[in-house]
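The values are calculated or read from the model by the stated rules, or taken from the named source; none is laboratory data. What you see is a predicted model; the values in this text were computed from it and never measured. Backbone-built Cβ (ideal geometry, glycine too); neighbour counts: all protein chains shown.
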Amino acid sequence: MDEKKLTWQKLVLVASLIFGMFFGAGNLIFPVQLGQLSGGNWLPATVGFLITGTIVPFLAMMAVSVTNSQSVYDIAKPVAPWFGTVFLVAIHMTIGPFFGTPRTAATAFSMGVAPFVPVKYQGLAMLVFSAVFFGLAYFLTVKESGLLKWVGRYLNPLFLGLLLLVLVLSLVMPMGNTHQTVSAAYQSNAAFQGILDGYNTMDGIALLALAVSVVYAVKGLGFHKNQVSTVLAKAGLLSIVAEAVIYAALVLVGTSSLGLFKPSANGGDAFAQIVGHYMGNFGTALTGVIVTLAVFTTAMGLFVSFSQDMHRVFPKVSYLWWLRVIAFGSFVTANAGLTNIVAWSVPVLMLLYPFALVLILLSLFSKYFKHSALVYRVVVAAVTVPAALDALASSPLVSLGSVQRVVNGYHQFVPFAALGFGWVFPATVGALVGLCAYVVTSRQAATALD
């Protein structure tokens, strides 16, 4: 059978699906907040943000493709089957019912509905809004084949059109210049802080999960198995370039907004304030539409990915039942409030990202060490303790005296630990040790055969 030709129309369709599945509310509001906080140091902060906000998700998607993985489980399984199961559940619970999907509805409500509802009725309004939001997401994802149609063709282009309108107005009529006050966290090492800010989007770990749905969508368009990586590489590159441009524009908008406003408590408030400046009450309503569309496309992708992967690992529970689990779980957690969701997600992300990043890199280069479990195990073992300490350092527990002493010692003696990257040096050492051990054992095995 001849290979199917990748037309420009299909390339754009797949790129739109990729973009729509992981560009959500966090991707919209965190760059604006980054712009306000980084001020005059917006450029290095943006470069750092783009590393974890665009490049890492792209690499995650390619890792899934080149290893022919059917789920996150396959990415982590070389360490050990039990580790693959634990890692899959941890990622899907994080980007699913614990933090990711509840954040979508909570953000949409806080920016698009709450401004129009009296304070005393907001609890009830959130209950109704989240029920409708997750109920509709459930309905549209009951049939897995409907994902490409709804996200790629309808919701995402509408969202992009509304967002483009806001960006054009903001950049054509700026509220100030880019020479603004720099907050403390960005006065030195702004690029490193930008990398950590990119964690908040959850895209690096989300794309390990969402990429599976994209692979199915590409195959559904009629492309052969050996074409999938090429299609994903081209469509993914187009998607991240578009996202990088939008990120940079949002950062600049946030920075220039300091010409009129003080830094907001969060990016959602800042974005709503900016839109309100240009469009008044209509702008507030428009913000609600933009954010709701952005988070709804992400929620749909998370619903499908969660249900597909959990069904593969626990096949006795059907796809439909897992879909009900994430819908109900997300509804319950969303009503805990956006502030609590965001606050508790940070230490969890600091724990998971080191594992996700090393697994992505190991997957991409696994052919050079023949997928050796030894290399995987040494590297993962090397990042376990620093990842746990990074999470501890960013959690509320750090206020305890004994915990603070442990964290201070960790920051003092481990390279880059004070910047939030204490896992990098141990991972590098682990990789070198693992590769050396692999070479030695391979030669011993070859000698034994001779």
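What to note about this one:
- When residues of region 313-327 are limited to those that are under 18 Å from G135 (Cβ atoms) and touching a residue at least 12 places away in the same chain (Cβ under 8 Å), the one surrounded by the fewest Cβ atoms within 10 Å (Cβ to Cβ): L320
- Reported count of residues in region 396-418, each being aliphatic (A, V, I, L, M) and over 16 Å from P347 (Cβ atoms), is 2.
- The listed residue being in contact with a His (Cβ under 8 Å, 6 or more places away or on another chain) and in a helix (DSSP H, G or I), out of A418, A445, A382, A388: A418
- Some residue of region 319-332 being touching a Gly at 6+ places or on another chain (Cβ under 6 Å) and part of a helix (DSSP H, G or I): yes
So that you can scan it fast, the table gives a plain yes or no per residue for (1) over 27 Å from the mean Cα position of the chain (by Cα); (2) at pLDDT 80 or above; (3) of a type outside the set (V, I, T); (4) not in a helix (DSSP H, G or I):
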residue	(1), (2), (3), (4)
L124	yes, yes, yes, no
A131	no, yes, yes, no
E144	no, no, yes, yes
W150	no, no, yes, no
Y154	no, no, yes, no
P157	no, no, yes, no
Q180	yes, yes, yes, yes
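- Just one residue in the set F271, F306, F296 is outside any loop (DSSP other than H, G, I, E, B), touching a His at 6+ places or on another chain (Cβ under 6 Å), modelled with pLDDT of 80 or more and crowded, with 16+ Cβ neighbours inside 10 Å; that residue is F306.
- Unmet criterion (only one of (1) within 22 Å of the chain's Cα centre (by Cα); (2) assigned to a helix (DSSP H, G or I); (3) within 28 Å of V72 (Cβ to Cβ)) for T230: (1)
- Helices (runs of 4 or more DSSP H) contained in region 1-94 and holding at least 1 residues surrounded by fewer than 23 Cβ atoms within 10 Å (Cβ to Cβ): 8-22, 42-50, 56-66, 72-76, 81-93
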